[in-house]
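Participant: Encoded as structure tokens, here's the structure I'll be asking about.
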There are 2 protein chains.
Amino acid sequence: MPSAVVLVSGGLDSATLLALARADGFELQALTIDYGQRHRYEIEAARRVCAAADVARHLVLSLDLRAIGGSALTTGMAVPKDRSRDEMSHGIPVTYVPARNTIFLSLALGWAESLGALDLFIGVNATDRAGYPDCRAEFIDAFQHLANRATKLGSGTASWKIHTPLLDLSKADIIRRGLALGVDYSLTHTCYDPGEAGRPCGHCDACQLRQAGFQEAGIPDPLLTTFPAGT
Amino acid sequence: MPSAVVLVSGGLDSATLLALARADGFELQALTIDYGQRHRYEIEAARRVCAAADVARHLVLSLDLRAIGGSALTTGMAVPKDRSRDEMSHGIPVTYVPARNTIFLSLALGWAESLGALDLFIGVNATDRAGYPDCRAEFIDAFQHLANRATKLGSGTASWKIHTPLLDLSKADIIRRGLALGVDYSLTHTCYDPGEAGRPCGHCDACQLRQAGFQEAGIPDPLLTTFPAGT
């Protein structure tokens, strides 16, 4: 079975991504970057999601992006709350982490080359694409082009393939696909600004997009069972 | 004065690179990646070189590439010794670190975006180019293309520029340029497999290329004063 390196954050996109990579026949080599996120729940969720997906290996690599700064996710900046969908679809939010997907894909590329794997999976998708430049198809194409010039493996006859099966899917589509493949979304974590024990704030962009996704898919978010309202 | 992010390893290429970036009129933001190299002398040399170049800031970012493996520089693999120039010019050596320059440029890109700087300097050059795929012009072009699609800054009207002033220079040319700009090469460190206090082994590819460079430039290596032969 060929191996693929799958970037896993612990959110619902990456949980779905693991299931899709497995359905494509790959042995799963999961990579999580511990980049100094403001909370640790994301890393814990990544571990749960990887265990449930029965990955061959889960590498959690530390890289302190707080030293680089420039984002509300790695500094003391406030995370925006209760923005309308219209506000979210304009401009690049303060939760943008400079060059994050470039950095993550580079690390995935290095590990994949070391493993002899030529396939990388990243969960960029339509919902994120409006706000983040490094979630667009032209960015992915440029990275794939780069990979084939950057490496020992790619400089031979083999070529790299960056898989983005979520690219054109809405949040609701992603949830429907994942449920069809048996993904347990109660294991995932989405919120940018969680409370105690990882309770979702319900008001940041990420929480709002998740809620709207489950609503549109017509399915209750299993996190509402873990964290019932008003408790 | 515009700022530029300069990747600095502590070797003679990066010491020269700092001097050239300064001569181009940039304020210097030096970035060193502490990636779990087998020895610490490289990081110490980077600190000395940056202090001498009077950089505005020197960020040493930790990223443990030993977890990724695949290279003699980050694992227990033996570093090759006493190879002929002909042997060095064939194939990719075991000292290749998977995707290293892609990872380093990605981190430089993230930090530069956070600082609002659009210029990056990397010391890839003709001597390394034979062996390492990520030291070639087509790799640099592909990275620059990527950068302009990967970032908030690049997705506006501004564009990124990856400077490679050493690209077509031999080791001897690099040394001549640096000396003309007052670079003190006694501060640098080159060896892949140093002895006590950082003494160069004199036999690895890096030591041999350095020796040949000083010889061709007709100048004694100042490290021979720090570490006299037979002491």
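Just so it is clear, none of the values below were taken in a lab; they were calculated from the coordinates. These figures come from a predicted structure and were not determined experimentally. Using ideal geometry, Cβ is built from the backbone for each residue, glycine included, and neighbour counts are taken over all protein chains shown.
Participant: With labels modelled as points extended 7 Å from the Cα through the Cβ direction, what inter-label distance (nm, one decimal) is found for residue A:126 paired with residue A:227?
Facilitator: 2.7
Participant: How long are the three semi-axes of the equivalent ellipsoid for the protein assembly as shown, computed from the Cα gyration tensor as the root of 5 times each eigenvalue, in whole Å, largest first? Kindly include the intermediate steps, with their values, before the conclusion.
Facilitator: Working: eigenvalues 369, 106, 70 Å².
Ellipsoid half-lengths, sorted descending, are 43, 23, 19 Å.
Participant: Shifting gears a bit: On alpha-carbon atoms, Rg over Rh for region A:111-208 using Kirkwood Rh?
Facilitator: Values: Rg = 16.8 Å, Rh = 15.8 Å.
That ratio equals 1.06.
Participant: With runs of 4+ DSSP H residues as the only contributors, calculate the mean residue ellipticity of the protein assembly as shown at 222 nm using -39,500 (n - 2.57) per run, divided by the residue total and rounded to the nearest 500. Intermediate results must be reported in sequence, preceding the final value.
Facilitator: Details: 18 runs with 178 residues, N = 462.
Result for the protein assembly as shown: -11500 deg cm²/dmol, rounded to the nearest 500.
Participant: Roughly how crowded by other chains is peptide B:110-120, in terms of the mean Cβ count from those chains within 10 Å of each of its Cβ atoms?
Facilitator: Numbers: counts 12, 7, 4, 9, 11, 4, 1, 0, 0, 0, 0.
Average per residue, whole number: 4.
Participant: Additional query: How many Cβ atoms of partner chains, on average, are near each residue of B:139-145 if near means within 10 Å of its Cβ? Display every interim value, and only then the final one.
Facilitator: Numbers: counts 7, 2, 3, 9, 8, 2, 6.
Per-residue shielding by partner chains comes out at 5.
Participant: Among B:51, B:147, B:112, which one shows the highest mean-square fluctuation when chain B is modelled as a Gaussian network with alpha-carbon springs under 10 Å?
Facilitator: Looking only at B:51, B:147, B:112, the biggest GNM fluctuation is shown by B:51.
Participant: To continue, here is another question. What fraction of the DSSP beta bridges in region B:3-226 is antiparallel, stated in percent and rounded to the nearest 5?
Facilitator: On the way: 1 of 18 bridges.
The answer is about 5 percent antiparallel.
Participant: Shifting gears a bit: Given Cα pairs under 8 Å that are at least 6 residues apart, what percent is the relative contact order of region B:124-231? Could you put the intermediate results ahead of the total?
Facilitator: Numbers: 96 pairs, mean separation 24.8, N = 108.
Reported relative contact order: 23 percent.
Participant: Also, I was wondering about something else. Distances in nm, one decimal, shortest first, from residue B:1 to the same residue in every other copy, taking the label point 7 angstrom along Cα→Cβ.
Facilitator: Those separations, rounded to one decimal, come out as 5.7 nm.
Participant: Would you mind checking which residues have amide H under 5 Å from residue B:27's amide H? H placed 1.01 Å from N; only 5 or more apart, or other chain.
Facilitator: Those lying under 5 Å, H to H, from residue B:27 are B:3, B:4.
Participant: Given a 10 angstrom Cα cut-off, can you work out which residue in A:215, A:144, A:29 is the most mobile in a GNM of chain A?
Facilitator: A:215
Participant: Could you work out the Rg to Rh ratio of region B:3-226, with Rh taken as the Kirkwood radius (inverse of the mean 1/r over all Cα pairs)? All intermediate terms of the calculation are to be shown ahead of the outcome.
Facilitator: Working: Rg = 16.7 Å, Rh = 17.7 Å.
Answer for region B:3-226: 0.94.
Participant: Would you mind telling me which residue in B:206, B:78, B:137 has the biggest mean-square fluctuation in a Gaussian network model of chain B, where springs connect alpha carbons within a distance under 10 angstrom?
Facilitator: Its mean-square fluctuation being the largest, the pick is B:78.
Participant: Let me confirm one metric for peptide B:56-68, namely the mean number of other chain beta-carbon atoms within 10 Å of its residues' beta-carbons.
Facilitator: Whole-number average of other-chain Cβ neighbours for B:56-68 is 4.
Participant: List every residue whose amide H lies under 5 Å from the amide H of residue B:34, counting only residues 5 or more places away in sequence or on a different chain, with H placed 1.01 Å from N in the peptide plane.
Facilitator: B:61, B:62, B:63
Participant: Sequence gap at least 6, Cα distance under 8 Å: using those rules, report the relative contact order of chain A to the nearest whole percent. Display every interim value, and only then the final one.
Facilitator: Numbers: 393 pairs, mean separation 54.5, N = 231.
Relative CO of chain A lands at 24 percent.
Participant: Let me ask you something else. If packing is taken as the average number of other Cβ atoms within 10 Å across a peptide's residues, how do B:180-193, A:216-229 rank, most packed first?
Facilitator: Numbers: B:180-193: 19.4, A:216-229: 13.5.
Highest to lowest by the protection proxy: B:180-193, A:216-229.
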